[in-house]
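The values are calculated or read from the model by the stated rules, or taken from the named source; none is laboratory data. Keep in mind it's a predicted model, so treat the numbers as computed, not measured. Neighbour counts run over all protein chains shown; Cβ positions are idealised from the backbone, glycine included.
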Amino acid sequence: MTPRVLAERLECSRSYLGKTLGLLTKAGLLRSVRGARGGVVLDRSPEDVTLLQIVEACQGLLTAAYCSEFRGAESVCSYHVAMKELHDATQRTLSGWTLAGLLRRPARPPEGGQGCKMQFVDCERHWPKKERTT
């Protein structure tokens, strides 16, 4: 799928999408395909791409800042304990979702509505099983 078509379907700016696709390509999640019918394709199986990998490719590593003298949960303020719990939960959740998992369950549009923007992606068409070997 070309970046132009993808931007139209996602209803986002082509320049923003171009920057995002560049980051995902640099991280090894996508591969550029040149030519008249070029664009970008996944460079890995959808089952092997986690939301954490996508977020970190675009935003950088998810890090947490703790009190300067961290010697265990009892030695830091309550705020930083809460932030560590949030950080751990975020990493756990993002690591648990794969691109394949998201593509299996796009929301169906309500009567007269548009629904999920992911519904246009046909995982079987874009990544046939023979190409999705690990």
Checklist entry - Could you count how many residues in the stretch 43-55 are assigned to a helix (DSSP H, G or I) and in contact (Cβ under 8 Å) with a residue 60 or more places away in the chain? => result 3
Checklist entry - Does the stretch 76-88 include one or more residues that are outside the structural domain of C12 (by TED's automatic domain parsing), closer than 27 Å to C12 by Cα and at pLDDT 65 or above? => result no
Checklist entry - Among the candidates R9, R31, which residue alone is part of a strand (DSSP E or B), charged (D, E, K, R) and out of contact with any Leu (no Cβ under 7 Å at 6 or more places or on another chain)? => result R31
Item to check | V40, sole failed condition from (1) buried (at least 16 other Cβ atoms within 10 Å of the Cβ); (2) part of a helix (DSSP H, G or I) | outcome: (2)
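Report whether or not L29 is over 11 Å from the mean Cα position of the chain (by Cα) and surrounded by 17 or more Cβ atoms within 10 Å (Cβ to Cβ).
So L29 fails the test.
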